[in-house]
Amino acid sequence: MSLETIAAGIRKALETRRFSGSLKFDCGPAGVIVLADGTATTDDRETDCTLTISEDNLGKLLAGKLNPMTGVMLGKLKVSGDLGVAMGLAKLLS
């Protein structure tokens, strides 16, 4: 699944759910998805929190097939910046 497709799905979720702060999914060479200002885009910018994750694992995370805590413990997901913003992601994913 492409990052643009994933971003479109997140934009759809943001129509009915709120997300506070700004967060970046950094998928390395594949690109980024930035959640900020009530939308999701693939345009890179500075954010309050960055989650470094592969494109494949991002798809699993958003589909509920990768538990965030397990991802961190296994090194599949790295969090930097404001952890409170990262915790707010759970509301968006539920």
Under 18 Å Cα-Cα from K76, which lysines qualify once same-chain neighbours fewer than 8 residues away are excluded? K24, K60, K65
Expected sort for 20-28, 80-88 on mean C-beta neighbours within 10 Å, highest first, is 20-28, 80-88
About its Cα centre, the chain carries a charge dipole, from +1 on Lys and Arg Cβ atoms and -1 on Asp and Glu Cβ atoms, whose size in debye to the nearest 20 is 420
Multiplying the sequence separation of S80 and K65 by 0.36 nm and subtracting their Cα-Cα distance, what value in nm do you get? 3.2 nm
Sort 63-69, 29-35, 6-12, 40-46 by the packing proxy (mean of other Cβ within 10 Å over each peptide's residues), most packed first. 29-35, 6-12, 40-46, 63-69
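Only the coordinates and a few stated rules stand behind these numbers; no lab work does. The structure presented is a predicted model; accordingly, all values stated were derived computationally and were not measured. Positions of Cβ are generated from backbone atoms using ideal geometry, with glycine treated the same way; all protein chains shown enter the neighbour counts.
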